[in-house]
Amino acid sequence: MKHLLFCAAFFFIAGHLFPQECFMVPTETRYWDQSNSFNGYTLFGTRGTSYLIDMEGHVIRTWNMGTNPRFTEAGTLLDAVGGNPSNQNIWRELDWNGNTVWQYTETRSNYHGHHDFAKIYNPKLGDSTFIYIANKDLTAQQCLDAGCDPSHTYTGAQMDAIVEVDRQGNVIWEWWFFNHVVQDIDATKSTYGVIANTPGKIDLNIRGNPVKSDWMHCNSLDYNQNLDLIVVNSVHGEFYVIDHGNTFIPNNADSSIALAAGTAGDFKYRFGDPAKYDKGDPPSVLDNWEKATAGHKQLGGSHDIQWIKPGLPGEGNFLVFCNAQNLFELTPQSYIIEINPYLNSSGTNTGHFVNPPEAGYTIVNSPDANLMKEKKNVSKQIVWTYSSKNNTSFFSTIGSSAQRLPNGNTLVCSMNDGHFFEVKPADTSIVWEYINPMTRNGIKKIKVDNYPTYNGVFRAYMYASDHPALAGHDLTPGNTMTGQTPNYYKPEDLTAIKESESYIKPNDILSQNYPNPFSYSTTIDFEITESKRVNITVFDFSGNYIKTLVDADYPKGNYTTTWNATNEGGNLVANGIYFYILKVDNRQLSKKMILVN
């Protein structure tokens with residue numbers, strides 16, 4: 001038997017992912033193709049706890065810290081303390097046993113840490129350091145003096161900075177967006193310039209988005225040690241590459257910060273929305289105002305920018321989770337996008353950054369009319385994209401992550417639904433799938449329809465057993481988070497279902513309970529077409545387990561069972577809607593019943 005609702009299973013065969021309109025889906029591991037998956041260990045944080053699980057969903061280890069955890073090359077667990085990615089000022093490293101080995105606290109009142117951070121090796125310093133994103137406060141006068149449009153007010157204005165501290169907690173380098181701005185409304189200011197000729201700076205007066213609190217909302221960063229560069233991503237649909245190595249002077253923080261504030265700190269490369277520097281068309285409503293175009297905008301609501309690490313397929317390219325919020329598609333869906341920033345208009349790898357508008361665009365039509373999408377401009381620097389075939393299957397409005405794995409697959413974490421899956425690069429088939437069971441209301445065996453991030457996970461990472469954080473440690477599987485025995489589909493199960501789906505009908509083997517609605521007791525009939533193991537379980541509307549009615553081997557035939565409106569402990573349950581689920585062979589069927597006393 002496979003722990004999966006029938007409506008979800010049917011769609012999985014057809015399109016790899018479960019549609020959002022299947023309101024009830026089992027949590028934890030739902031599918032595993034061992035021969036085509038990476039077979040690693042997945043780390044994620046949820047509700048203040050970090051979990052390390054194997055492919056079957058067995059918990060290997062937990063830590064009492066779970067915001068945006070990741071393992072370091074030093075073998076430690078690094079995370080922010082507090083559970084909120086949007087607001088963090090304490091970061092901590094733990095060892096395997098949960099002991100604190102390092103901690104840093106941002107104590108300056110005008111710096112507000114948020115979203116992302118990294119432990120890096122600074123080659124010029126010859127030591128490991130820590131970098132993080134922080135909103136840095138601006139006064140209204142600073143904004144006006146820089147050339148912000150005086151028709152706006154700038155109370156509470158902020159711009160993101162990237163701060164680097166050493167192992168002793170000393171600030172040794174800082175880069176700030178405010179030092180790399182341009183404007184074209186006041187020629188008396190030093191920031192005045194032609195926006196289109198200044199792609200290395202951010203326009204202070206972007207149309208409709210004046211400087212304000214959390215103006216850039218940068219949500220991710222990454223460091224490339226070989227290039228000594230940093231990339232930082234803004235949720236508004238752009239990421240920026242900045243020079244760390246040529247703006248860092250060892251043991252001279254003041255000079256380093258001053259150097260990073262000068263022209264040496266201007267963007268080396270930017271990607272995502274060229275209209276922001278007058279090099280492309282912005283999103284707009286078409287003449288038929290029921291339709292819209294993304295213009296030349298490539299990213300919207302994006303998260304988790306990174307370089308694909310050395311030794312991995314696609315190394316040196318950028319990988320980013322494009323949530324596709326604010327991308328102005330009639331029917332939105334999320335994308336994983338891989339970018340080679342060195343490609344020119346002919347597709348040649350130049351070995352240096354090429355401004356994306358110079359590389360040009362390809363006009364791409366929707367692959368299927370039922371997606372209801374307009375044709376769009378796709379950058380020629382995009383070398384691989386993943387999206388679900390059914391646009392209602394994969395869409396996360398916030399958070400989320402993507403990770404290139406050593407076998408060439410990509411691990412995806414969709415935050416809205418706490419949904420992890422591993423996708424192959426060529427045919428984009430799914431080879432592993434998992435649903436986080438931890439929700440706002442505790443651990444659930446069944447995920448029901450709820451608001452986004454009900455069981456959300458900001459990011460997930462997968463690691464091999466020989467990673468420094470895992471090597472030499474006991475990786476013996478424990479229980480799953482729900483305590484259930486792993487019960488998931490395998491490739492042979494999907495093939496069997498596909499061959500028989502034309503004649504599988506729920507009413508052939510599971511009947512509606514009667515009476516319904518009922519008081520105190522109801523009867524359930526079911527038919528078994530051949531000898532099989534049968535399980536019938538009752539859940540409440542929120543997915544909480546209530547009672548097992550049947551769990552035994554049955555020969556072919558017609559059978560009846562009853563439910564007397566009690567839970568496993570024999571206590572009467574409250575009035576409401578309940579579901580009974582029959583699990584038999586490689587199918588699950590469910591019916592709704594209503595208890596009224």
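The values are calculated or read from the model by the stated rules, or taken from the named source; none is laboratory data. Worth saying up front: this structure is predicted, and the values here are computed from it rather than measured. Neighbour counts run over all protein chains shown; Cβ positions are idealised from the backbone, glycine included.
Observations on the structure shown:
- Residue match in region 250-257 (condition: in contact with a Leu (Cβ under 8 Å, 6 or more places away or on another chain), crowded, with 21+ Cβ neighbours inside 10 Å and either assigned by TED's automatic domain parsing to the domain that holds residue 328 or under 10 Å from residue 305 (Cα atoms) (or both)): no
- Selected residue (only one of 212, 189, 201 is touching a His at 6+ places or on another chain (Cβ under 6 Å), over 29 Å from residue 78 (Cβ atoms) and either buried (at least 17 other Cβ atoms within 10 Å of the Cβ) or at pLDDT 95 or above (or both)): 201
- Checking residue 378 against (1) more than 25 Å from residue 311 (Cβ to Cβ); (2) in a loop (DSSP other than H, G, I, E, B); (3) at pLDDT 95 or above, the condition it does not meet: (2)
- When region 155-174 is filtered for residues that are farther than 18 Å from residue 92 by Cα, in contact with a Ser or Thr (Cβ under 7 Å, 6 or more places away or on another chain) and buried (at least 18 other Cβ atoms within 10 Å of the Cβ), the ones remaining, listed by number, are 157, 158, 172, 173.
- Lone unmet requirement of (1) of a type outside the set (A, V, I, L, M); (2) outside any loop (DSSP other than H, G, I, E, B); (3) over 20 Å from residue 280 (Cβ atoms) for residue 395: (2)
- Residues being of a type outside the set (A, V, I, L, M, F, W, C) and in a helix (DSSP H, G or I) - total across region 259-282: 5
- Residue 428 on the phi > 0 side of the Ramachandran plot, at pLDDT below 95 and either in a loop (DSSP other than H, G, I, E, B) or not polar (S, T, N, Q) (or both): yes
- The residue of region 271-316 that is surrounded by the fewest Cβ atoms within 10 Å (Cβ to Cβ), among those that are in contact with a strand residue (DSSP E or B) (Cβ under 7 Å, 6 or more places away or on another chain) and of a type in the set (D, E, K, R), is 276.
- Annotation: residue 161 fulfils all but one of (1) modelled with pLDDT under 95; (2) closer than 23 Å to residue 259 by Cα; (3) of a type outside the set (D, E, K, R); the unmet one is (1).
- Qualifying residue in region 263-270 (condition: small (Gly, Ala, Ser), closer than 25 Å to residue 122 by Cα and either touching a helix residue (DSSP H, G or I) at 6+ places or on another chain (Cβ under 8 Å) or surrounded by fewer than 22 Cβ atoms within 10 Å (Cβ to Cβ) (or both)): yes
- Test: residue in region 103-111 that is assigned by TED's automatic domain parsing to the domain that holds residue 239, part of a strand (DSSP E or B), within 34 Å of the chain's Cα centre (by Cα) and surrounded by 16 or more Cβ atoms within 10 Å (Cβ to Cβ): yes
- Of all residue pairs spaced 6 or more apart or on separate chains, those with beta-carbon atoms under 7 Å, a first member in region 113-137 that is under 17 Å from residue 160 (Cβ atoms) and a second member that is among the hydroxyl-bearing types (Ser, Thr, Tyr) and modelled with pLDDT under 95 are 114/86; 115/86.
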